[in-house]
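Structure record follows, encoded as structure tokens.
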Amino acid sequence: MARFPHPELAAASLADLRRFSARRLVEMHLERIQAMNTQGPELRAVIELNPDALAIAEELDAATQPRGPLHGIPVLLKDNIDTGDRMLTTAGSLAMTGAPAPRDAPLVTRLREAGAVILGKANLSEWANFRSSRSASGWSGRGRQTRNPHVLDRSPCGSSSGSAAAVAAGFAPLAVGTETDGSIVCPSSVNGVVGIKPTLQLISQRGIIPIAASQDSAGPHARSVHDAAALLGVLTDEPHDFTQYCDPDGLRGARIGVLRKPYAGYSEHADRLYEAALSAMGAAGAELVDPVELATAEEMRTSGVELTVMEHEFKAGLDAYLPTRTGLSVRSLEELIAWNREHAAEEMPYFRQERFEAAQLTEGLEAEKYLTARAKAGELSRQKGIDAVMHEHRLDALVAPTRSPAWVIDPINGDRGLGGSSQPAAMAGYPILSLPMGLALGALPVGITIFGRAHSEPALIRIAAGLEAVLPKPEAPRYVPHLDCP
């Protein structure tokens, strides 16, 4: 295996990094990115570097006291989060490269106030995986294909592909992703890092290129529950120290509902790790209610209401967002569809834009079809879903495997995920956390998700910290070209 600069960064915690100056931290991470992002394993996890990162770091080093809890810490942002600097914000689309955003998203302002160094933008599944039903996660017209640092021909999942892969590879200790349904927790799972999608609107949606206002949320990627909690507390509209809930004995006395089919049972590899994690939880003092069922699970999957809501909200949200940008060649979803057709060779070599086209045909947020679907989505996911099962069994949280192990990247036919558990929390706007629970076949990370009611982040973080303390320590990526399956 080739040796790349500063391998210690792939395992370093925030506490480990605080002994360095801000400038030295930026230098080390830049050196690692430059050696590995478009060279070496060609991870393509970073789509753009901040040309002002070193100057910002020097300014922080010259300060007489720490600016905030992330003083001098490099952070990567998914490339759908506005920064009012020299970097672009494009959602991975070549149509969006005309000019930078005019101002920082509120979450970026909070990062700067906390002393973080915005190191660059992370690659993503273009348009947060909403352009086509058969897109390949991690591919964008602007950034091309992000690779999974554990096994390079395997998917990094999406849409926050670059954010999770970059943290796993030691490109930054922290990254910000976004999730509409699974886009933080799935990349966290297959890249072997921690991800948190918080309660809807706990973090401002302003300045983030939208998919669906009723489900979109930014959230942290990190290599530990503590570090993810530290970043979460900076990103939220009301700053909060979520690290206070990181209790290594956090499983003791927790009453946890164990979800099985359809949220498990689709992968024997994930199931094997899940059973081991459940045993560890019980041994650490958790009270497992096994199994519990979401009565609405099948209807959520088959009714189509989630997609109906997304299509309507995407058109409304994008048509409101694009006019806030200057210097772009598109100012509406209709113009974006036309631009893609005119530049199909560069933008659509593998998959098309049928999701865009369906969204363009919607008739607004006052349409009966949308209002009915929105109400049904809330009923299925909240009142008759998560709320009902947690009330019935007096639960603190629910658990399930996050996703199957990573599949082989296939730009022609798209993703081949066997199953996952993100939909209920996504539709409900409730928090969900994924942390590594081990390796399938000794090479492919698999995560376990913990989710619950609105604003239950303290409980989820406490349980996750307790589980992290009893699970095997995650392994750093080995950049294996492919998985040998004799």
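The values are calculated or read from the model by the stated rules, or taken from the named source; none is laboratory data. Only a predicted model underlies this, so the values are computations on that prediction, with no experimental measurement involved. Don't worry about glycine lacking a Cβ; one is built from the backbone with ideal geometry, like all the others, and counts go over all protein chains shown.
Structural remarks
- Picking from residues in the stretch 409-440 that are at pLDDT 95 or above, of a type in the set (A, V, I, L, M, F, W, C) and not in a strand (DSSP E or B), the one that is farthest from V151 (Cα to Cα) is A428.
- For E298, the conditions (1) in contact (Cβ under 8 Å) with a residue 60 or more places away in the chain; (2) exposed (fewer than 15 other Cβ atoms within 10 Å of the Cβ) are fulfilled apart from (1).
- Any chance S421 is within 15 Å of P187 (Cα to Cα), crowded, with 24+ Cβ neighbours inside 10 Å and not β-branched (V, I, T): yes
- Checking each residue in the stretch 454-482 for being more than 23 Å from L232 (Cα to Cα) and either surrounded by fewer than 16 Cβ atoms within 10 Å (Cβ to Cβ) or of a type in the set (D, E, K, R) (or both) picks out P472, E475, R478, P481, H482.
- Of the residues making up the stretch 350-386, those that are of a type in the set (D, E, K, R) and either within 25 Å of the chain's Cα centre (by Cα) or surrounded by fewer than 18 Cβ atoms within 10 Å (Cβ to Cβ) (or both) are R352, E354, R355, E357, E363, E366, E368, K369, R374, E379, R382, K384.
- Hey, Y245 within 24 Å of S13 (Cβ to Cβ), surrounded by fewer than 24 Cβ atoms within 10 Å (Cβ to Cβ) and hydroxyl-bearing (S, T, Y) or not: yes
- R23 vs. criteria charged (D, E, K, R) and either in a helix (DSSP H, G or I) or closer than 22 Å to V108 by Cα (or both): yes
- Residue check, A406 surrounded by fewer than 22 Cβ atoms within 10 Å (Cβ to Cβ) and either more than 26 Å from G447 (Cβ to Cβ) or at pLDDT 95 or above (or both): no
- Once the stretch 333-347 is narrowed to residues that are in contact (Cβ under 8 Å) with a residue 40 or more places away in the chain and over 24 Å from the mean Cα position of the chain (by Cα), the residue that is surrounded by the most Cβ atoms within 10 Å (Cβ to Cβ) is L336.
- L88, sole failed condition from (1) closer than 19 Å to A128 by Cα; (2) surrounded by 24 or more Cβ atoms within 10 Å (Cβ to Cβ): (2)
- Cβ-Cβ under 9 Å pairs, at least 6 apart or on other chains, the stretch 5-23 side among the polar types (S, T, N, Q), far side not in a helix (DSSP H, G or I): S13/P173; S13/A222; S13/R223; S13/S224; S21/G72
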